[in-house]
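Below: one structure, written as C-alpha cells.
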Amino acid sequence: MAPATSAAVTLFSPGDGHSLLSSGSQSELFEVDFQSSFKPRLFSSEQFNKMPSRIAPPSKAIAFILRCKRPLKTRRQYATAAAAITPAASHAQMTQGSPPIARYPATQPPSYKPPAFRKSQLLRQYASVLRSTPLMLLFQHNNLKSIEWTGIRRELTNALRKVDEAAAESLEEGIKFQIIQTGIFSSALKIVEFYKPDSETVTLDPTDPSTPSSAAIPVFKADGSDLTHTLSKAAHDATAKKSHALQPLLSGPLAILTFPSVSPAHLKAALSILSPSPPQFPAPTRRANPGWHDPPVQSGMQKLLLLGARVEGKVFDVDGTRWVGSIDGGLEGLRVQLVAMLQGIGAGVTSTLESAGKSLYLTVEGRRTMLEEEEKGPSEEKS
Amino acid sequence: MITRFLTEVSTVFNPFSPKAKTARLFLSFLPSNARQTIKINTKMLPKISREPSFVELKFSKKSPPSYARPSAVLSLMGGWLTMGHFIEDGKQMKLDAEKLGIKGVVEEVDRHSRILSRQEELTGN
C-alpha cells in the first residue's frame with residue numbers, strides 16, 4: 001500500500017474528524033492485522049455486545065480505508081513531516097565544533113542612539129561624507145526656491161562636466177551639493193575629527209567556518225559600552241565637550257559642496273559658477289554659457305554665500321578657498337613647483353659638497369707635486 | 001519680521017566668529033524675493049579679523065509694490081525699475097549685531113517698520 005520510501009503517511013478520516021498519523025510500516029501492519037485474522041473477530045456482533053472492548057473499534061470510514069487495496073487518493077504527504085528526520089551531520093560538523101554565535105549582524109552593531117531614527121542615520125551619513133571627502137565648501141543658502149536650486153545644480157554640473165572632459169577625469173559624478181542639518185553635521189564633524197578609536201579591529205568572524213569554537217568572541221555588553229562605531233556611546237562621550245574650528249560656521253541654513261578629491265581645476269569651475277570674483281574666477285560670459293544668466297540661476301546665486309572650506313582636514317576662510325582654487329595645474333602643479341625648488345637646492349648642495357672635496361683634492365695634489373719636486377730636486381742634484 | 005520698508009541692508013561679519021550668527025541669521029530671514037526690492041551688501045571679513053559685525057539698514061517711507069497688494073500691480077514694472085527712487089525715509093540704522101542678538105535686531109526693525117506702516121495707513125496710500 002504505502003511505498004517503502006515514504007517517510008510518513010497521514011491518514012485522514014473525514015467522518016469523525018480523527019486523524020491517524022503513522023509511519024508506513026505501521027500502516028502495513030494494521031492492514032495485515034485487520035484483513036487476515038483480527039478483523040472478523042473484532043467485528044463479530046456478539047462479541048461486541050458482550051463486553052465493551054478497551055480499544056475503540058475503528059470507525060467505518062477508517063475500516064474501509066484500511067481494507068481497500070488500491071493506493072489511496074486521499075492520502076497526503078506533507079513536506080514538513082518528511083523533513084522531521086534530520087539528515088546526518090556533515091563531516092565538517094563532526095570534526096569541528098559549531099562556531100560561536102554572533103549576537104548581532106556585523107552590519108548592525110547595537111548603537112547608543114536608536115538607529116531607526118532619522119537623525120541617527122543622518123549622523124552616519126554625514127560622518128561617512130566627512131571621512132570620504134577631502135575638499136568641502138560650505139555655503140549659506142538664504143531662502144532659495146526649488147527652481148533656483150535646480151538651475152544652480154544644472155549649471156554646476158555642466159561646468160564640472162566641461163572640466164572633466166578637458167582633464168579626461170570623471171569627478172563630476174562624485175561632486176555633490178547638498179543641504180545639511182547643522183547640529184547633526186557638527187557632531188558628525190567632531191566624531192570624524194576627534195574620535196579615533198584604537199584600530200584594533202575584531203578579525204574574528206563567527207560566520208567563518210575556520211573560526212575555532214573555543215575562540216573567545218568579544219562579548220558586547222547590552223548597553224553597547226565597548227563598541228567603537230560612529231553611533232556608539234564611546235564616540236558620543238569622546239566628542240561631547242570638544243569644539244572644532246568649523247563649529248561657528250555651522251549655524252543657520254547651510255549647504256555643502258563635496259568633492260571626492262582635491263582638484264583645484266574643479267574647485268575653480270565650481271567657484272566661478274557659485275560665487276564669481278572677477279580676476280581669478282570670472283563668471284561665464286553670456287555667449288559661452290547663456291544658461292548661467294537665467295533669472296532663476298542669477299537670483300539663486302545671489303542668495304548663496306560662500307562661508308569657508310575644509311581642505312584635507314584644515315579649515316580655510318573665503319580667501320583661503322580662493323587660493324586653493326587658484327593653484328595652477330592642481331596638485332601636479334604644486335608638485336612640479338616643489339620638485340623644481342628641490343632640484344635647485346640639490347644642485348646647490350652638490351656644488352657645496354663638491355667644492356670641499358675639490359679643494360681638498362687640489363690641496364693634496366699640490367702637496368704631492370711639491371713633494372715629488374722636492375724628491376726630484378735632490379736626486380737631480382745628486383745625479 | 002516686516003521687511004517691506006527696507007531698501008538697503010549691508011552686513012559685515014567674520015563667519016568664523018560665533019557672534020556672526022546674528023548677521024547671518026538676519027540675512028536668512030529676508031524673504032526669497034527680497035533682492036528685487038532690497039539692495040543687499042554682504043562683506044565677509046577674513047578668518048583672523050576681530051572687527052565687530054554689524055547690520056546697517058535703510059528704510060523707505062513707502063513700501064515697494066508687491067503682488068499681494070492689487071493697487072500696486074499697475075505700477076509694478078515701475079516699482080522694479082525705480083528701486084532707488086523711493087522716498088527715502090532718511091532713517092538709517094546701524095545695529096550692533098553682536099550685542100543685540102537676532103531677536104534684538106528683528107525687534108528694532110519691526111519697531112520702526114510698524115511706525116512707517118501706521119503712517120502709510122494714515123496717509124491712505
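Rule-based calculations on the coordinates, nothing more; no lab input. Not measured: the values here are computed from a predicted model. Don't worry about glycine lacking a Cβ; one is built from the backbone with ideal geometry, like all the others, and counts go over all protein chains shown.
Which net charge results for the neighbourhood of A:Asn143, defined as the other residues with beta-carbon distances under 15 angstrom from its beta-carbon, given Lys and Arg at +1 and Asp and Glu at -1? Summing Lys/Arg as +1 and Asp/Glu as -1 gives +3. Sites listed here are GluC sites (Glu not before Pro) in region A:311-375 whose DSSP assignment is loop and whose Cβ has at most 11 other Cβ atoms within 10 Å: A:Glu312.
Just counting partner chain Cβ atoms within 10 Å, what average do the residues of peptide A:119-128 show around their Cβ?
Numbers: counts 0, 0, 0, 0, 0, 0, 0, 0, 0, 0.
Per residue, the number of nearby Cβ atoms from other chains is 0 on average.
Each Lys or Arg adds one and each Asp or Glu subtracts one; over the other residues with Cβ under 13 Å from the Cβ of A:Arg124, this totals +4.
Taking a 30 Å limit on the Cα-Cα distance, which of the listed pairs A:Lys145/A:Lys314; A:Lys113/A:Lys268; B:Lys19/B:Lys91; A:Lys119/A:Lys241; A:Lys119/B:Lys39 fall beyond it?
With Cα atoms farther than 30 Å apart: A:Lys145/A:Lys314; A:Lys113/A:Lys268; A:Lys119/B:Lys39.
For A:Gly313, the shell of other residues with beta-carbons less than 14 Å away shows a net charge of +3, using +1 for Lys and Arg and -1 for Asp and Glu.
What FRET efficiency do you get for B:Lys43 and A:Thr150 if R0 is 35 Å and r is their Cβ-Cβ distance, rounded to the nearest 0.05?
0.75
Here the spin labels are modelled as points 7 Å beyond Cα on the Cα-Cβ line, and at A:Met370 and A:Ala116 they lie 9.7 nm apart.
Take each residue in B:27-34, count the other chain C-beta atoms within 10 Å of its C-beta, and the mean is 5.
Quick check on packing: order A:112-124, B:23-35, A:259-271 by the mean number of other C-beta atoms within 10 Å, highest mean leading.
On the way: A:112-124: 14.3, B:23-35: 19.3, A:259-271: 21.5.
Order by mean packing, descending: A:259-271, B:23-35, A:112-124.
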